[in-house]
Amino acid sequence: LLTSAIEKRINIADVPVGILLSGGLDSSLITAMASRTEKNINTFNVKFKNHKSYDESIHARLISDHFGTKHHELDAGKISILILDRLAEQFDEPICDSSMIPTYLVTQLVKEYCTVAIGGDGGDELFGGYMHYPRLLFLQKYFSFIPLKIRNFVTSCSNALLPIGFKGRNWINSINSDFDLGVPQINLLFDNLSRSNLFEKNILGDNSNNKLREDDIDTSLDFISR
């Protein structure tokens, strides 16, 4: 299916196609499959030489060298905070994923060579690659025997006492998940307390985001699939 999907995107395009190559598993797999049928592939990566913990350029170059792609690097250097104003115009809703910054930068580079680019987004969602999946399984294993009312009380106390951004706060908030029927909350920026402070209570009633999510998901699925 993956091979077919990649070939279809390459063959259907009547314009040059590139690949956003981070050097991670997903984008490297796409590059490997695309190189079977397409020669002279353009690959693109953002280099953060001033922020080594975010710099994936060495991994991207290894993959590019292995498959013989035409590799292009953008050295991000110093990033102005003004980029956030430009990004806000691009999105339909608030988003807290910092990867939007390198994605925005690298697509500017892509446009110089290609009109279409294939990316590796979606692999972690489909195959459970994010770190919050094993974290949730850990919590399910060691906290599911504690009654939900007690866990809710603990998280309420932590929300009231610990400031947003406090290390470990999201861990504590996660223990109030209903491991049998609920839909776990992940990547929270605003918890229930901060939302209740921002909005009138009637807005957070039966039509709340949590209620809508839980109504739309099959509760017979296992915890991680939900």
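Summary table
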quantity	calculated
Among D65, D85, D124: highest mean-square fluctuation, GNM of the chain, C-alpha pairs under 10 Å	D85
Protein accessible area in the chain, 1.4 Å probe - carbon and sulfur %	56 percent
Principal-axis tilt of helix 57-67 within the chain, Cα atoms, nearest 10 degrees	50 degrees
Residue among K49, K149, K39 with the largest mean-square fluctuation in a Gaussian network model of the chain, springs linking Cα atoms under 10 Å	K149
Highest-MSF residue in the chain out of S144, S57, S98 [GNM, Cα springs under 10 Å]	S98
Rounded tilt (10° steps) of 2-12 against the dominant C-alpha axis of the chain	50 degrees
Rounded to 10°, Cα long-axis angle of helix 132-143 versus longest principal axis of the chain	20 degrees
Point-charge dipole on Cβ atoms (K/R +1, D/E -1) for the chain, about Cα centre, debye to 20	720 debye
Amide H contacts under 5 Å for K70, placed H, 5+ residues apart	I41, N42, T43
The chain, relative contact order in percent, only Cα pairs under 8 angstrom and at least six apart counted	17 percent
Three-way shape label, region 18-74, alpha-carbon gyration tensor, a/c 1.5	prolate
Cα centroid of region 145-188 to Cα centroid of region 1-57, whole Å	38 Å
Accessible area (Å², per residue) of the chain, counting only protein heavy atoms and a probe of 1.4 Å	68 Å²
Charge tally in the Cβ shell below 14 Å around D121, where Lys, Arg are +1 and Asp, Glu are -1, D121 excluded	-3
Kirkwood Rh (inverse of mean 1/r, distinct Cα pairs), the chain, angstrom	20.7 Å
Cα gyration tensor shape of region 52-143, rounded if a/c is under 1.5, else prolate or oblate by comparing a/b with b/c	oblate
Protection proxy ranking, peptides 113-120, 136-143, average beta carbon neighbours within 10 Å, highest first	113-120, 136-143
Flagged links, alpha-carbon separation over 20 Å, of K49/K167; K47/K111; K52/K78; K49/K78	K49/K167
Extension gain, C96 back to L221 (0.36 nm per residue minus Cα-Cα distance, nm)	42.2 nm
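The values are calculated or read from the model by the stated rules, or taken from the named source; none is laboratory data. What you see is a predicted model, and the numbers here were worked out from it, not measured in a lab. Ideal geometry is used to build each Cβ from the backbone, glycine not excepted, and the neighbour counts take in all protein chains shown. Ligands, DNA and RNA are excluded from the accessible area calculation, which covers all protein heavy atoms including side chains. Shrake-Rupley method; radii C 1.70, N 1.55, O 1.52, S 1.80 Å.
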